[in-house]
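Presented below is the structure to which this report refers.
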Amino acid sequence: MNELYQPIETLSGVGEKRAAKYHKLGIHTPFDLLYHFPRTYIDFTHPVSVMDAEMGVNCAVKCRIIRKMPEVHAKNRLSIFTMIANDGETDFTITLYNNPYTFRAVQVGETYFAYGKVQGGWTRREMRAPQLQKAETALLLQPVYPQSVGLTSAMMRTNIQKALSYLEDAMETLPTALMEEYRLISLQKALQGIHRPAGIEDLEAARRRLAFEELLLFQLGTLMLRHRSRTQTAYAMSPQTSLDDFFCALPFSLTGAQQRAIAAITKDLCTEVPMNRLLQGDVGSGKTAVAAAAAAFAAKNGFQTVLMAPTEILARQHLQTMTDFLSPIGMEAVLLTGSTKAKEKREIKKKIADGTVRIVIGTHAVIQQDITFFKLGLVITDEQHRFGVSQRAALAEKGGHPHKLVMSATPIPRTLALIIYGDLDITLLDELPKGRLPIQTFAVTGGYRERAYGFIKEHLDAGEQAYLVCSMIEDSEQMEHLQAAESYAEKLKSGAFADYRVGLLHGKMKPQDKDAVMEQMKRHEIDLLVCTTVVEVGVDVPNATIVLIEDADRFGLAQLHQLRGRVGRGSLQSYCILVTESKNEEARERLKIMSRTVNGFTIAEEDLRMRGPGDFFGSAQHGMPPLMQAAFSSNMPLVSETQDAARKILERDSQLSEKHHASLRLAVLRLFRKNGENGLN
């Protein structure tokens, strides 16, 4: 088994060049290679006849080779190899191009599977350059792997076959009793079954085992971190503290959801263990007001609060909002960022150290620099930090283990939120403030683009602003049909929107340049901002009332909802226009859902149903283990089973210190450390 942990170069068939390509995929040992799972499978289990095959669609045909024709040389140095085959009913032609090796290997009279597209008319059928494998030795479910340049699925299948030969029963990670209780096959069988499944049942059993294990390991790790932080003391605040003056000073009435959230948070702040809570609410649901109430409660108890924003421009926005909420009751918030001038920074640090300032807003560096807090009782972070679970746990080491509140504007189905934020208690803000006008959403084809431009111009002429979102930054020869932000912006500046101020924002710009553009947008020095999805994480521009999203079918529902949330931030009626050229029914159905509802949680559930959980895990915070098997298995009952199993295990053995849990503990540590998590030891 030691061969599994040797450098990948030691694997037969892997030289230096191929090893370098594997390294780019994060594969350094044969063991890593075994966890490079197929992204899909070519299914040879249901072959069709050439006459029944859908033209132009990949399919498998089982056939016998009748004869091979002489090689033909075309003018452009193309060698053409032709064979006549029979599928049991019909003769047809198989044509190969510049592939003498396969042509020579194919034997007349033998039976093969041919996988590719059937072409031709009623009287003559042909398969051009199909994949061929001998029927008697065929992999009926042939794995197709995520690739990089220079690594084909065929290469990977050969290398993985060799790595599989190193497997032994001894490398099992799960206790026997657990495997029996949850009907799981062994790890050895699972890895064999995922890479070389004998059939659908074999593949499903392998997927279930591997998904179960990875979900279990992650949930064990998050629960252990949660337990660690819950066993440490924190600053307990007084339940007698009144927030009546804060509520009276607000220029609006809180929603029921906001009131419940504030009650849950203030109750946590009065306990002997640190609060560890996620405040999850849709765009515009009023999370900042809740955060301000928590900061006011802490200040009234003599404690300081830090609110960390991902960028300076958002930190300044938070400062303005918090000041609006807190200055009426005599509380001051200060801003501390990398660009704060040295003299001002020294004065602010002094005020923080002597307790004069109770509320500090800045980027996450605010808790890492040489800043001494008088009494840091509450740390509020934004999900945009992409903090991993151990980084959140590490905050417990700051300022005497402060309470922690994480804010998220990404609606996530509760079951998945329990995985992604497994170390946090969850509070939902599932109501929008009264009087907030729902964003009107329309899904149209490109034929309506000029009408959409006219609609946008009407609103720009009325003094409003708009966003135009593209899926790509630059033009691509491979995707000529897609709109790219840079060329689109230039086209609009000289064409349809020549009379307006058009700006450009994309992810390749320097952070300070992005901030400058968003500041211009906020100050209404830009009328129409052409941008990529980088605008998801953006500054509030209450005057922006329209967002037009090009190639909307390329985005998931959750991402479209986040982009739509860039408008509707003020009192004006706002609009979202989704433009697509796609004829795909599933894509069109997704856009219809966007048109029907503005409820982020409903949309998240639909996204989960239609696309599985991959999108949510893909955008999860830094340090999230990849959950590769769970990402292509939308088997939510399995999630519940692993949550149940993790709780049972830790109730009996909170640190996995018992002998029969040794392999399990090692696997948890390996998973978290591999993904940048160092909070477990």
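Quick notes on this structure:
- Boolean, F442 is assigned to a loop (DSSP other than H, G, I, E, B) and either at pLDDT 85 or above or among the β-branched types (V, I, T) (or both): no
- Within segment 74-114, considering residues that are of a type outside the set (D, E, K, R), assigned to a loop (DSSP other than H, G, I, E, B) and in contact (Cβ under 8 Å) with a residue 40 or more places away in the chain, the one farthest from Q133 (Cα to Cα): T90
- Pairs where the first residue, in segment 30-47, is under 19 Å from Y5 (Cβ atoms) and the second is not in a helix (DSSP H, G or I), C-beta under 6 Å, 6+ apart: P30/L11; L33/I27; H36/I27
- If the condition is being in a helix (DSSP H, G or I) and basic (K, R), then segment 572-610 contributes R588, R590, K592, R596, R609.
- Filtering segment 329-350 to residues that are among the basic types (K, R), more than 22 Å from Q317 (Cβ to Cβ) and surrounded by fewer than 16 Cβ atoms within 10 Å (Cβ to Cβ) leaves K343, R346, K350.
- Odd one out for P542, checked against (1) out of contact with any strand residue (DSSP E or B) (no Cβ under 9 Å at 6 or more places or on another chain); (2) of a type outside the set (D, E, K, R); (3) outside any loop (DSSP other than H, G, I, E, B): (3)
- Note on segment 252-289: residues that are under 15 Å from A409 (Cα atoms), of a type in the set (A, V, I, L, M) and not in a helix (DSSP H, G or I) amount to 3.
- In segment 488-504, the residues that are free of Cβ contacts under 8 Å to residues at least 40 places away in the same chain reach residues that are part of a helix (DSSP H, G or I) and among the β-branched types (V, I, T) with C-beta atoms within less than 6 angstrom, at least six apart or across chains, in these pairs: G503/V517.
- Options T602, T533; residue that is under 25 Å from I313 (Cβ atoms) and among the polar types (S, T, N, Q): T533
- Looking only at residues in segment 545-558 that are of a type outside the set (K, R) and part of a helix (DSSP H, G or I), the one that is modelled with the highest pLDDT is A552.
- Scan segment 1-30 for residues that are in contact with a Phe, Trp or Tyr (Cβ under 8 Å, 6 or more places away or on another chain), in a helix (DSSP H, G or I) and at pLDDT below 90 and the total you get is 3.
The values are calculated or read from the model by the stated rules, or taken from the named source; none is laboratory data. None of the values given here were measured: they were computed from a predicted structure. Backbone-built Cβ (ideal geometry, glycine too); neighbour counts: all protein chains shown.
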